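Rule-based calculations on the coordinates, nothing more; no lab input. The shown structure was predicted, so the numbers you read here are calculated from the model rather than taken from an experiment. Methodologically, a virtual Cβ is constructed for each residue, glycine included, from the backbone with ideal geometry; neighbour enumeration extends over all protein chains shown.
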Amino acid sequence: MNDRMEPVVSVRDLRVWYGTERGAVRAVDGVSFDLLPGETLGLVGESGCGKSTLGRGLLGMLPEGAQTDGEIRFKGENLRTVSRSRLRDMRGPELGMIFQEPLTRLNPLMRISEHFEEALRAHTPGISKDTVERAALEVLGLMGIPPTRYRSYPHEFSGGMRQRLMIGLALVFRPAFVVADEPTTALDVLVEAQIIRILHDLRREFDTSLLLITHNLGIIAEACDRVAVMYAGKIVEVGEARQVFRDPQHPYTRELLRSTISLSTTGLNYIPGAPPDLTDPPPGCHFHPRCPDAMRVCEELDPIDQELSGGQRVECWLHGPDHLIGVDGRDRLRVREELSVADEA
Ligand SMILES: Nc1ncnc2c1ncn2[C@@H]1O[C@H](COP(=O)(O)OP(=O)(O)O)[C@@H](O)[C@H]1O
Ligand SMILES: [Mg+2]
């Protein structure tokens, strides 16, 4: 990856919270990352950790009642503060979203051709049917959908084909930035592999930057340049996907990898404990109650983002900074070890 390349998307200290009766749900809690042109960043983490909220928040597609803070720079403009109409104009041509359930997004009464016409006309009112058809058939061709299906209705397609249609509808504009939220979750394994291959090829073709949300680490390994690991509203580790998988630096990443590997081999091995309630996450590192390596400092202070070699970043006290952990090293005592000593006494 070229270091001098300007990022397309640059997120700084993004926060998103939902007002509820129980208090504010801090679904995204200070997230920062960059995305380079043509790069695919995978976003993983257990259910409820804030992945969809982050993805929607980036595109200004949050539900009523959600509040945000921080900065989302897209080609220099702060998407968090641009006007609604500006955002509407950018959605489609510049910013795309691929959802999990294509059926709820496609109109059963409209032919595929009409979906493309509607989408393209919203941004180019006078565009002719011929021009729409040319653009649509090109993108559908890349998606492996034959031109003979252009005038079919959504129900005439299989689930996998519908998902490819959705991707086609998002990509017909050749947007610079696309968020795909679990685009293959409802699909069988073969179709999933096909979709992943398409996403992989297309970003080369279109130079699209992709945020690919999934709970499937296999997909990340196959389709992503970098991976960001999310826990309780925070990105706890981010880096080159190969590097992170080979040598995970955050205990949560390690546990996540281990649980996934054993799920496919020896059966259940989930991470003990449950993710925290995001209205009232634990102080310090949100993962400390479940962390096998927790130290005293982890219970008290938010970990500080540390940059490791190869651009890998981790928010974990095991990586310092040492001067805050304590010069005498006492805080390096593992909490669990202390507890077991206390039990024996
Ligand atoms: N509209 C909403 N109102 C209140 N809380 C919400 C809303 N949407 C999501 N949440 C909460 O925000 C947290 C993050 O949810 P979500 O972004 O969907 O996570 P993920 O996609 O990782 O499963 C969860 O605790 C969820 O219950
Ligand atoms: Mg989700």
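Can I get the semi-axes of the stretch 150-221's equivalent ellipsoid? Compute them from the C-alpha gyration tensor as square roots of 5 times the eigenvalues, in angstrom, largest first.
Values: eigenvalues 73, 58, 18 Å².
In descending order, the three semi-axes are 19, 17, 10 Å.
A run of the chain free of exposed loop cleavage sites, with GluC sites (Glu not before Pro) counted only in DSSP states other than H, G, I, E and B and at most 13 other beta carbons within 10 Å, reaches its longest extent at 65-345.
Radius of gyration (Cα atoms) of the stretch 103-234, expressed as a multiple of 2.2 N^0.38 Å: 1.09. Under 5 Å from the amide H of Met97 lie the amide H atoms of Val179, each residue being 5 or more positions distant or on a separate chain, with H modelled from the backbone and absent for Pro and chain starts.
Normalising by the residue count of the stretch 103-172, find the relative contact order in percent from Cα pairs under 8 Å and 6+ residues apart.
The normalised contact order for the stretch 103-172 reaches 44 percent.
Highest GNM mean-square fluctuation among Ser85, Ser47, Ser32, for the chain modelled with Cα contacts below 10 Å: Ser85.
Rounded to the nearest 0.05, what FRET efficiency do Asp322 and Leu257 have when you use their Cβ-Cβ distance and R0 = 25 Å?
Numbers: r = 26 Å, r/R0 = 1.05.
Between Asp322 and Leu257 the formula returns 0.45.
Near Gly239: Cβ cut-off under 11 Å, other residues only, Lys/Arg at +1 and Asp/Glu at -1. The net charge is -1. Considering only Ser113, Ser209, Ser309, the mean-square fluctuation computed in a Gaussian network model of the chain, springs between alpha carbons under 10 angstrom, is largest for Ser309. The gain in end-to-end length when the Arg204 to Ser47 segment is fully stretched comes to 53.5 nm, 0.36 nm per residue minus the alpha carbon separation. Build a GNM of the chain with springs between Cα atoms under 10 Å apart, and of Leu211, Leu169, Leu301 the one that fluctuates most is Leu301.
Starting from the stretch 269-321, pick out the chymotrypsin sites (Phe, Trp or Tyr not before Pro) whose DSSP state is loop and whose Cβ has at most 14 other Cβ atoms within 10 Å.
Details: sites: Tyr270, Phe287, Trp317; in loops: Tyr270, Phe287.
Listed in order of number, the matching sites are Tyr270.
The base-10 log of I(q)/I(0) for the stretch 103-172, evaluated at q = 0.21 Å⁻¹, reads -0.82 [Debye formula, identical scatterers on Cα atoms, solvent excluded]. The loop-placed trypsin sites (Lys or Arg not before Pro) in the stretch 7-55, going by DSSP, that have at most 14 neighbouring Cβ atoms within 10 Å of their Cβ come out as Arg22.
Dipole size in debye (nearest 20) for the chain around its Cα centre, Lys and Arg Cβ +1, Asp and Glu Cβ -1? Intermediate values should be presented prior to the final figure.
Details: 40 positive and 51 negative charges, 250 e Å.
Around 1200 debye, computed over the chain.
Using the empirical formula 2.2 N^0.38 Å as the baseline, the Cα radius of gyration of the chain reaches a ratio of 1.08.
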